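Undergrad: Mind looking over this structure? Questions follow.
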Amino acid sequence: LAVIAAGIGVYAYAHRDEAEIEATKDRGDLIIAALERHRTATGAYPDSLARLVPLQLDSVPRPVWGEAWSYHTFLDGAHAELYVSAGTLTLRYDFTGRTWALSNCTFTPRVSSMFLPEFALMRCSPG
């Protein structure tokens, strides 16, 4: 009985943020749709989420889970990253696969130089 109770406790702990994460994905989907509309209209993703207001969104919805949205585009304007982090977890939208993924990876701000394209550095915690 103790083993079953421990298993239920672990499951509940692992899924404690599930509703907030799903609500954050829903809000993120609104942002993604606005980003895609902007890209269709202009040929490139905007350089900030604020550029979506007021033509694509009335306001940028805040995530329910995590801190603020992190967003940036790459030099070509044809690629972008959108993610939100809470502690060691990151919820990231994959623009290529059109899916959300939750991982134990964190992203650092973009790096760019004359010789390197812009990119976010990703660090993942073990196991």
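Undergrad: Mind checking whether some residue in the stretch 58-70 is closer than 14 Å to residue 36 by Cα and at pLDDT 95 or above?
TA: No: the stretch 58-70 contains no residue that is closer than 14 Å to residue 36 by Cα and at pLDDT 95 or above.
Undergrad: For the stretch 57-98, which positions are within 11 Å of the chain's Cα centre (by Cα) and open to solvent by 70 Å² or more (accessible area, probe 1.4 Å)?
TA: Hits for the stretch 57-98 are 67, 92.
Undergrad: Keeping to the stretch 22-49, report how many residues are assigned to a helix (DSSP H, G or I), open to solvent by 70 Å² or more (accessible area, probe 1.4 Å), closer than 29 Å to residue 87 by Cβ and touching a residue at least 12 places away in the same chain (Cβ under 8 Å).
TA: Final tally of qualifying residues: 2.
Undergrad: Considering only residues that are of a type outside the set (S, T, N, Q) and free of Cβ contacts under 8 Å to residues at least 24 places away in the same chain, which ones fall in the stretch 50-63?
TA: Across the stretch 50-63, the qualifying residues are 50, 51, 52, 53, 54, 55, 58.
Undergrad: Determine whether residue 19 is assigned to a helix (DSSP H, G or I) and not acidic (Asp, Glu).
TA: The answer is yes for residue 19.
The values are calculated or read from the model by the stated rules, or taken from the named source; none is laboratory data. Please read all numbers here as calculations on a predicted model, not as lab measurements. Backbone-built Cβ (ideal geometry, glycine too); neighbour counts: all protein chains shown. Just the protein is used for accessible areas: all its heavy atoms, side chains included, with ligands, DNA and RNA removed. Shrake-Rupley method; radii C 1.70, N 1.55, O 1.52, S 1.80 Å.
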